[in-house]
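The values are calculated or read from the model by the stated rules, or taken from the named source; none is laboratory data. Worth saying up front: this structure is predicted, and the values here are computed from it rather than measured. Counting neighbours? That spans all protein chains shown, and the Cβs are built from the backbone with ideal geometry, glycine included.
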Amino acid sequence: MPIRRLVLDVDKTVDEPGLVELARAIEAVRGVEAVNISVTEIDIETVGTDVTVEGQDIDVPGVIAAIEHTGAVMHSVDQVVAGAYLLEHSSRSR
């Protein structure tokens, strides 16, 4: 079953890696077709980001290794979309 989207919680230091460097490292991974990095919070020493990765068959261990290779740290996988097509989240009503 191909992984088509990942949403990751990633922290990096204020100085390095830069967002462009991080995006390029992730984009170079097999199966990655697009990367979106959004800053969610800034502390004295760290920058919190949400990283969204999309593709046809994303190499998840490769994405994690690319993030770590830049010096950033992945805290959690917040969303995974897998299967024949991208399925958007739908909220449950109660």
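For the reader, a short list of remarks on this structure follows.
- Total residues in segment 69-94, condition over 11 Å from the mean Cα position of the chain (by Cα) and either part of a helix (DSSP H, G or I) or over 13 Å from residue 11 (Cβ atoms) (or both): 16
- Residue 66 meets the conditions (1) small (Gly, Ala, Ser); (2) more than 16 Å from the chain's Cα centre (by Cα); (3) modelled with pLDDT of 95 or more in every case but one. The failed one is (2).
- Scanning segment 1-60 for residues that are assigned to a strand (DSSP E or B), out of contact with any helix residue (DSSP H, G or I) (no Cβ under 9 Å at 6 or more places or on another chain) and either of a type in the set (Val, Ile, Thr) or over 20 Å from residue 85 (Cα atoms) (or both) yields 7, 9, 11, 13, 38, 40, 41, 42, 46, 48, 50, 52.
- Test: residue in segment 6-21 that is buried (at least 17 other Cβ atoms within 10 Å of the Cβ) and either in contact with a Cys (Cβ under 6 Å, 6 or more places away or on another chain) or of a type in the set (Gly, Ala, Ser) (or both): no
- Contact map, segment 17-36: first residue at negative phi, second residue part of a loop (DSSP other than H, G, I, E, B), Cβ cut-off under 7 Å, separation 6 or more or different chains; pairs are 17/71; 17/72; 22/72; 29/59; 30/59; 32/58; 33/56.
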